[in-house]
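Working notes, beginning with the structure itself.
The values are calculated or read from the model by the stated rules, or taken from the named source; none is laboratory data. Computed from a predicted structure; not experimentally measured. So basically every Cβ, Gly included, is an ideal-geometry build from the backbone, and we count neighbours across all protein chains shown. Remember, those area values only see protein heavy atoms, side chains included, never the ligands or the DNA or RNA. Shrake-Rupley method; radii C 1.70, N 1.55, O 1.52, S 1.80 Å.
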Amino acid sequence: GDLDKVVNLLLSLSGRLARVETALGSLGPHAPAEDKLALREKQRLLVAQLEDAKELKEHVGRREEAVGAIVARYLPTEHLQDYQHFVKMKSALIAEQRELEEKIKLGQEQLRCLRESL
């Protein structure tokens, strides 16, 4: 459960940071200074939160290793390999699911814009 939460947190923060950086990059030279300042402050906070989330992921990784060592004492080799594969794949599948959800959301937004433009 913690792995799910941390991976989702990392993906959410990195997505928000990317949007802020895109917004910063799209500001023209005549954009109000307050807008630039607000976006830079948001960027700074997101970078700090992302670093904190990475530390959380490392902590979860250490806990995962400790649990894995305990589980290894009780499971037969075949089941242990299944468990290890499950743990490795879980993060990748969460990230892939989040990416697909973002693509669906983007597609729906593009579809909405196309309908409005017709």
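Looking across region 61-90, just one residue is surrounded by 12 or more Cβ atoms within 10 Å (Cβ to Cβ) and among the polar types (S, T, N, Q), and that is 84. Within region 97-109, residues that are closer than 23 Å to residue 4 by Cα sit with their Cβ atoms under 9 Å from residues that are open to solvent by less than 100 Å² (accessible area, probe 1.4 Å) and of a type outside the set (S, T, N, Q), at 6+ positions apart or across chains, in these pairs: 98/7; 98/11; 98/15; 99/11; 102/11; 102/15. Quickly run through region 16-52 and pick out the residues that are touching a helix residue (DSSP H, G or I) at 6+ places or on another chain (Cβ under 8 Å), open to solvent by less than 90 Å² (accessible area, probe 1.4 Å) and in a helix (DSSP H, G or I). Within region 16-52, 17, 20, 21, 23, 24, 36, 39, 43, 46, 47, 49, 50 qualify.
Taking the conditions exactly as written (within 30 Å of residue 20 (Cα to Cα) and open to solvent by 90 Å² or more (accessible area, probe 1.4 Å)), does residue 58 satisfy them or not? Yes; evaluated as a whole, the condition is true for this residue.
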